[in-house]
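Here's the structure we're looking at; comments come further down.
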Amino acid sequence: MKTTPTRSILLALALAALALPSFAAEPVNIARLQTTTIKSYDSSGTDLNGGGFGGGSPMENMFDGDLSNGARATSIGNGGYVILDFGNPYFVSTIDITKLYRYKYSLYYSPSSSGDDWIPVPYALNVNRVDTKQWGVYAVASRVKFVFEQGGSFVPDVAELQVWGVLASEMACLHSNLSTWTEVAGSATCTKPALEMATCSCGEKFTRESNGEPLGHSYKIKVTQPGKGYFSCRRCNFSIDCSDGPVDLTSHGGMAFDKKVQFVDMSVSSTRENEEYYGKSIANIVDNNLDSQWVSSSWRGGDADYVDFRLGTDVLLTKVEVTLPNQDTLRIYDYDGTKETKVFEEVMDAAPKTMTAEFSDLVTDAIRIRGFNNRYSFMYVSEVRVYGTVPGDVTPEPCFIFMQ
């Protein structure tokens, strides 16, 4: 049986073809070539002779091909930077940055190997992207600069810096005459922003991610029985199965960043300086380990600090489990973005301090958790689990009437 490709498949194939320009040679990771010189500098421009990093997490970790370890910029400080000098001009296609934590950075490239003719990489100024982000350059460069906008001095933050390109002398065209970058219609997806495309006067086409937002999931709710059913996206195949009742919603998300694509985004009011590395990361709140914690930055505890869980759509909340190692009182609020409405409070008087709040008719898309104590100590949170299911009445099945 012959089948016809769908519009989404055809678009994907077309974009894939655009993203693979026909270079005279295969792009290589210039950062790992022996001809590339790499130096570190503090914010004043002082050459640190490869130093500024420590704690067993040296600068070399940024270029070793291991995406699980990072460089710990102990003394490079905010505004410190690393420069890669290629020794020769290269046509740089992309710069791939893999990060493990939340600290911000900026990227620049330079056409020359002398002077400070730094050009910002499009959209890559003062940004944070955890995991691997590919930045499109598509220009001739002799140097690249990575700036630690936030040094994260106790955190092995940057796992890898890869610069992909072709030696300019091997290029039949240096693609110096690109058209204006324009958005590719229909290229944005639920989890990725739209693509942009530019065409060289030689006919070569290039694509890169725009600075727009992903579409995000557009959720629809099907209730098969009271409290049972499905959350599903209208645009893609993402879904959450609640056909057996409430599920652990925290398993469908995690730490919130600047692009909302998860069903659950967790964020906190603040984190104590340097505690991101010393066992107090926000990620510890949902790591299934009661021995690890997040810790707030304020000694006022719950008066100033909180943990938020924002949900992709309205949910029938059924249960929230919270472990607060050093707090006396747990309070949970229904939070609409501006107003807190308290929906649970209980005093804890015995360890382990894991409290369970149960609900029967609370429909919400966001909750806020606060812990209080009489000792004016920092707020610690070991673990949170949020359970919920589909709200509303049973979804009627479509009824078809046949006319004779």
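Return the residues of the stretch 300-323 that are hydrophobic (A, V, I, L, M, F, W, C) and modelled with pLDDT of 90 or more; say none if nothing qualifies.
Start the filter on the stretch 300-323 by keeping residues that are hydrophobic (A, V, I, L, M, F, W, C), which leaves 304, 307, 309, 311, 315-317, 320, 322.
Once the filter is applied, which keeps residues that are hydrophobic (A, V, I, L, M, F, W, C) and modelled with pLDDT of 90 or more, the stretch 300-323 yields Val307, Phe309, Leu311, Val315, Leu316, Leu317, Val320, Val322.
Looking for whichever is over 24 Å from the mean Cα position of the chain (by Cα), modelled with pLDDT under 85 and more than 15 Å from Met255 (Cβ to Cβ) here; the options are Asn274, Asn326. Which one fits?
Residue meeting the stated conditions: Asn326.
For residues that are among the polar types (S, T, N, Q), in contact (Cβ under 8 Å) with a residue 24 or more places away in the chain and farther than 13 Å from Ala141 by Cα, tally how many sit in the stretch 102-127.
Count: 1.
Check whether at least one residue in the stretch 229-237 is modelled with pLDDT of 95 or more, assigned to a strand (DSSP E or B) and either of a type in the set (Asp, Glu) or out of contact with any strand residue (DSSP E or B) (no Cβ under 9 Å at 6 or more places or on another chain) (or both), and report yes or no.
So far as the stretch 229-237 goes, no, none of its residues is modelled with pLDDT of 95 or more, assigned to a strand (DSSP E or B) and either of a type in the set (Asp, Glu) or out of contact with any strand residue (DSSP E or B) (no Cβ under 9 Å at 6 or more places or on another chain) (or both).
Name the residues in the stretch 282-307 that are open to solvent by less than 10 Å² (accessible area, probe 1.4 Å), over 14 Å from Met355 (Cβ atoms) and not in a loop (DSSP other than H, G, I, E, B), would you?
Residues satisfying the conditions are Ile282, Ile285, Trp294, Val295, Gly301.
May I ask you to list the residues in the stretch 374-404 that are surrounded by 20 or more Cβ atoms within 10 Å (Cβ to Cβ), at pLDDT 90 or above and assigned to a loop (DSSP other than H, G, I, E, B)?
Ser382, Val390
Which of the residues spanning the stretch 28-58 are in contact with a Leu (Cβ under 9 Å, 6 or more places away or on another chain), open to solvent by less than 70 Å² (accessible area, probe 1.4 Å) and not in a loop (DSSP other than H, G, I, E, B)?
Result: Val28, Ile30, Ala31, Ile38, Ser40, Tyr41.
Pairs needed: first member in the stretch 356-379, more than 14 Å from Glu340 (Cβ to Cβ); second member anywhere, part of a loop (DSSP other than H, G, I, E, B) and of a type in the set (Phe, Trp, Tyr); C-beta distance under 8 Å; at least 6 residues apart or different chains.
Listed pairs, sorted by first residue: Tyr376/Trp299; Ser377/Trp299; Phe378/Trp299.
Do you know which residues across the stretch 229-265 are in contact with a Gly (Cβ under 7 Å, 6 or more places away or on another chain) and either in contact (Cβ under 8 Å) with a residue 60 or more places away in the chain or more than 15 Å from Val315 (Cβ to Cβ) (or both)?
Cys242, Ser243, Gly245, Pro246, Leu249, Lys260, Val261, Val264
The values are calculated or read from the model by the stated rules, or taken from the named source; none is laboratory data. Nothing here was measured: the structure is a model prediction, and the numbers come from that model. Using ideal geometry, Cβ is built from the backbone for each residue, glycine included, and neighbour counts are taken over all protein chains shown. Protein only, heavy atoms only, side chains kept; ligands, DNA and RNA dropped before computing areas. Shrake-Rupley method; radii C 1.70, N 1.55, O 1.52, S 1.80 Å.
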